[in-house]
Structures are given as structure tokens and as C-alpha cells.
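**Q** Attaching a single structure in C-alpha cells format; questions to follow.
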Amino acid sequence: MKTKIALLLSVFLITAISCENNGSDKQTPIDAEPIFMDLSTYYSQPNLKSTNGEGVPENLRVLKAEYFTTGESGKIGRTVFFMNVGNMKLAAHFVPHLDFSLDGTTDVSYYIDENRPSSDLPLSETNMAIQRAMATWDGVTCSNIGMYQLPYSGEPTGFAAALLGFGGSFNYFGDVTHCGWLPTSFFDLIDIDGGSYILGVTFTIVFTDSDYDNNKKSDVAWREIYYNDGFSWRIDDHYDVETIALHESGHGLSQEHFGKAFLDAGTGKLHFSPRSVMNSAYSGIQTSIENTDKAGHCSIWGNWPN
Ligand SMILES: [Ca+2]
Ligand SMILES: [Ca+2]
Ligand SMILES: [Zn+2]
């Protein structure tokens, strides 16, 4: 009997020790709370106008930005809120009703701005990478979003770009607008630690005067995506355009970050559990969506447009 208890105890101890080794020796979990930044000084600039001479529409504001970081930075992407709208409306989603669908359809339109190409790659290659990323989300079979690309008009895009002084427009171009590549100085404006580790960001532009579908979520006017030209951009190599476009387009389609981040003290690199497209930092090429990405997408879009 004594031998049996001793044996059980030793098994327990070995299990406990091995757990501790896996859990705390090298892998530190990383948490990132949302942060708040006040854009009112930007909105209150006298004569604030976009490159096309438009002013900010009264009923449109930037609600939030979600940014994506390099894994080597040891920092994970965070959500920055720009509006104090209360917990009930922190979440935001598109409204299927045609009164609020600015392209006049319940389908999701997307637009690629060619005014801000990357310094590293020809437009044709980045355009195709973005199109592949959009097609991957469009291919998720639980939803009938009906995605389509709007033709390039030649005009500069970007509510956030216009607001922060990087050209752009307060006008609508597409439900999900890929605004192109901007210098790191743009990304410096959305994080107090600076933007040098931010690969890409998605801004959510909302109507401030409605909750048309009564779902306690802000009604999205459109979303816009920017890529940091301070990095070297590649196709099928690091930093891979399609991988980052797929992640940002996930935000474009209302998904938030998903997965727990751990910092490996030995390598200084981030690991995620489970690994997915919607992890908050880059951990290598990832051009197909994982089960958790699909589950998130389907929970948001499964019943669209009802
Ligand atoms: Ca639409
Ligand atoms: Ca709503
Ligand atoms: Zn992100």
C-alpha cells in the first residue's frame, strides 16, 4: 500500500514539475488592453479639408483602429479607441439596410487605392495579393456576403489619412477600402510607443447618429486599411503582402484579434495559441484561414443580410 501511494505521489510530482517547465520557464503570456486616444484636436483643426477639398461629414467619425505588429518586436497588435461611446457600442458591424449601405447593395464591396503603392513591389503584384486575400474570405462557405471589387477611380482615399494630414478623402469609396502604403510617421500617430513595429492597421469609420438595426453595435460606414511602407514587402516571403492583407481584411469584415500570445524568452519571438489569421502579430506566411477564423467569420456573417 505504501509503495502504491509513493508511486502515485511521484507520478503527481513529475507531472507537476513538467507542467511548470512548459508553463513558466520560457513562455510568458502577453496581454494587451485596448487603449484610448483622443482625436478631437484633429477634428477641431480650422479649415480641416481633404485633398479633394471636402470637410468631415457631421455624422462620421473614426471609432477605432486595430493594428498588427511584427512577431520579432515582442509587441502584439492592440485596439485603439478614438470615441467614448460606452461599452454597449464598442463593437461595430455593417448594417445590411440599403439606407446605410453606401454602395447601395447588401453585398460587401471593396476598393484598392493605387495612389499609394509600396516602395518594394509593383502595383500589379500587391493588387493581386490583396485580391487573393479578399477571395479567401469570400470563399468561406457559411455566409452569402457576395463580395465584389469596385473599379479604381484615380482619386485618393482615406478618412484617417485625411484627418491625420496624409492626404486622402472623407468620402466613401468601398465597404472595405485598401488605402495603400504610408510612411512609418503615419503609424507613429496611433501608438504612444511609435509605429515602427506596426505592419498594418484597419480603421473603423462609423455613423455617430444611428443604431439602425438596433443591435447595440455602432453602424459601420466603411473600414479602411493601411500598410506600413517602412517595412520590406514581399510576395511569398517576409513580410508577405497576402498574409497581412488577409489579416487586415478580417478586421475589415468585423473580426477582432483572436488567440493568446506568448513571448519566448529564448528566441524573443511571439507564439500564438491557437495560431490563426486573426492573431495580433505576424508569425510567418499564413494565406489560408484556420478553424477559429472561420468560426469568428461565420458567427458575424452567417445570417447576413438578415
Ligand atoms: Ca455594401
Ligand atoms: Ca447597429
Ligand atoms: Zn489586427
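The values are calculated or read from the model by the stated rules, or taken from the named source; none is laboratory data. It should be emphasised that the depicted structure is a prediction, and the values quoted were computed from it without experimental measurement. All Cβ positions, glycine included, derive from the backbone under ideal geometry; neighbour counts span all protein chains shown. Just the protein is used for accessible areas: all its heavy atoms, side chains included, with ligands, DNA and RNA removed. Shrake-Rupley method; radii C 1.70, N 1.55, O 1.52, S 1.80 Å.
**Q** Can we say A265 is more than 16 Å from ligand 2 (Cβ to nearest atom), more than 12 Å from the chain's Cα centre (by Cα) and crowded, with 23+ Cβ neighbours inside 10 Å?
**A** It is false that A265 is more than 16 Å from ligand 2 (Cβ to nearest atom), more than 12 Å from the chain's Cα centre (by Cα) and crowded, with 23+ Cβ neighbours inside 10 Å.
**Q** Yes or no: G200 touching a residue at least 24 places away in the same chain (Cβ under 8 Å) and more than 16 Å from ligand 2 (Cβ to nearest atom)?
**A** Criteria met by G200.
**Q** Another question, if that's okay. Search the stretch 285-306 for residues being open to solvent by less than 30 Å² (accessible area, probe 1.4 Å) and modelled with pLDDT of 95 or more, and hand back the single one that is farthest from ligand 3 (Cβ to nearest atom).
**A** Taking the candidates together, the pick is W301.
**Q** If N214 satisfies all but one of (1) crowded, with 23+ Cβ neighbours inside 10 Å; (2) free of Cβ contacts under 8 Å to residues at least 12 places away in the same chain, what's the number of the condition it fails?
**A** (1)
**Q** Output the number of the condition that V140 fails; it satisfies all remaining conditions of (1) in contact with a His (Cβ under 9 Å, 6 or more places away or on another chain); (2) within 20 Å of D103 (Cβ to Cβ); (3) of a type in the set (A, V, I, L, M).
**A** (2) is the only condition that V140 fails.
**Q** For the stretch 261-283, how many residues meet the condition of being assigned to a loop (DSSP other than H, G, I, E, B) and at pLDDT below 95?
**A** Counting residues in the stretch 261-283 that are assigned to a loop (DSSP other than H, G, I, E, B) and at pLDDT below 95 gives 6.
**Q** Can you tell me how many residues within the stretch 50-78 are surrounded by fewer than 19 Cβ atoms within 10 Å (Cβ to Cβ) and not acidic (D, E)?
**A** Result for the stretch 50-78: 10.
**Q** Which residues, taken from the stretch 119-135, are among the hydroxyl-bearing types (S, T, Y) and touching a residue at least 40 places away in the same chain (Cβ under 8 Å)?
**A** Once the filter is applied, which keeps residues that are among the hydroxyl-bearing types (S, T, Y) and touching a residue at least 40 places away in the same chain (Cβ under 8 Å), the stretch 119-135 yields S119, T126.
**Q** If a residue must be outside any helix (DSSP H, G or I), within 16 Å of the chain's Cα centre (by Cα) and either within 20 Å of L164 (Cβ to Cβ) or free of Cβ contacts under 8 Å to residues at least 40 places away in the same chain (or both), how many such residues does the stretch 222-260 contain?
**A** 9
**Q** Answer yes or no as to whether G104 is more than 16 Å from ligand 2 (Cβ to nearest atom), among the small types (G, A, S) and within 23 Å of D209 (Cα to Cα).
**A** yes
**Q** In the stretch 249-292, how many residues are polar (S, T, N, Q) and in contact with a strand residue (DSSP E or B) (Cβ under 7 Å, 6 or more places away or on another chain)?
**A** Within the stretch 249-292, residues that are polar (S, T, N, Q) and in contact with a strand residue (DSSP E or B) (Cβ under 7 Å, 6 or more places away or on another chain) number 6.
**Q** Out of everything in the stretch 284-306 that is in contact (Cβ under 8 Å) with a residue 24 or more places away in the chain and part of a helix (DSSP H, G or I), what residue ends up being farthest from ligand 1 (Cβ to nearest atom)?
**A** My answer is T292.
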